[in-house]
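Visitor: Got a structure for you, written out below as structure tokens; questions coming shortly.
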Amino acid sequence: MMNMDFNVKKLINDAGTALSRVVQLTEEKLGTSEKTELDAHFENLAERSDITKQWTEKILRDTEAVLTPNPGNRVEDYLFEKIEKKKPNRLSNLEYLGLDMIEAGNEFGPGTSYGSALIKVGQCEQKLGHIERDFITTASHCFLTPLRKFLEGEMKTILKERGILESKRLDLDACKNRVRKARTMLGQPPNAERDLKIAQSEYDRQAEITKLLLESVGSSHASHLRCLHEFVESQVAYYAQCHQAMQDLKKEMESLSMAMPGGVSFNASNHHPSSNSSVAAASDKPTSGQRARVLCDYDAKDVTELSLMTDEVIVVRKIPDCEDYLMGERGNQRGKFPGVFVELLN
């Protein structure tokens, strides 16, 4: 019962304090009550902190939108991060484009000019998608993660301590006001001066703590500058790799044009791969399965198996009563291969 009474009294006291502070803030805004002002240096530090928070949040959001354009995917990644689960291994738009080009090229026939070119371009698009994936991972680690940690750690602490400082400032001004009123009366309350000294001491101490935290924002700027350098370097490497991939593709396309200047007509004879191909042609339409990314090259051992190329994405399905092998499908080509050579995608 005593604990219950204590809690009720505490709630009443807290509510009374909150109401008094609201009244005090209103009087300050109306100019009917005096307010203890911070020095100009402190105010400049506080302003720099506010600006840093505002622009860091905006830069963080903008960079996230660049690295993950789909807002739905950003929300999904955020939720997985909060519950500490691995993010879904989804395909990028480039990888989807590459996969469809490869499937289309095999459908038209790898022996045709158009089919062969589609396969080459599709493989390049998948390579670009892989390069893009590496860039996103690097940029997130070197740039986004430090900015998030700053906002969720140091900046939250600064805001908390500034809130405490404002409370101490209101308590100090309330004590000053009581002392002024007491001095105009005949009898001065004995505790007014003592309360004022205590409030002034607590305010000064909190102001010093908050000032030190605000000064540390300068060190954060230096840290963010280093992160920015790393982000730019990762972009330079990303675009250089993309440029090299496109230059290599351009040369391959020129070689194809020289090798088959007139092209090869689309007919039943070149629609299917030749008999000495390492991949078995499927006579029926492949059943729907799960997409998978190839981890490393695999050369088919016979016509029942499917050769694989690193980083390409194919469709796979399980083989009944066979745990070690999967059935892979690439356009109209189909064959089995060891399951350890691929990574299943969601």
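Visitor: Considering only residues that are farther than 29 Å from A117 by Cβ, among the acidic types (D, E) and surrounded by 15 or more Cβ atoms within 10 Å (Cβ to Cβ), which ones fall in segment 67-107?
Guide: Hits for segment 67-107 are E76, D77.
Visitor: Follow-up. Could you check how many residues of segment 59-85 are touching a residue at least 12 places away in the same chain (Cβ under 8 Å) and part of a helix (DSSP H, G or I)?
Guide: If we filter segment 59-85 for residues that are touching a residue at least 12 places away in the same chain (Cβ under 8 Å), which is where we start, we get 59-60, 63-64, 67-68, 73, 76.
Checking which are part of a helix (DSSP H, G or I) leaves us with 59-60, 63-64, 67, 73, 76.
Adding up the residues that qualify gives 7.
Visitor: For segment 298-334, name all the residues that are under 31 Å from the mean Cα position of the chain (by Cα) and outside any strand (DSSP E or B).
Guide: Step one: filter segment 298-334 for residues under 31 Å from the mean Cα position of the chain (by Cα), giving 309-316.
M309, T310, D311, E312 - these are the residues of segment 298-334 that are under 31 Å from the mean Cα position of the chain (by Cα) and outside any strand (DSSP E or B).
Every number here is computed from the coordinates shown, using simple stated rules; none is lab data. Everything quoted here is computed from the prediction, not taken from an experiment. We place every Cβ from the backbone using ideal geometry, glycine too, and count neighbours over all the protein chains shown.
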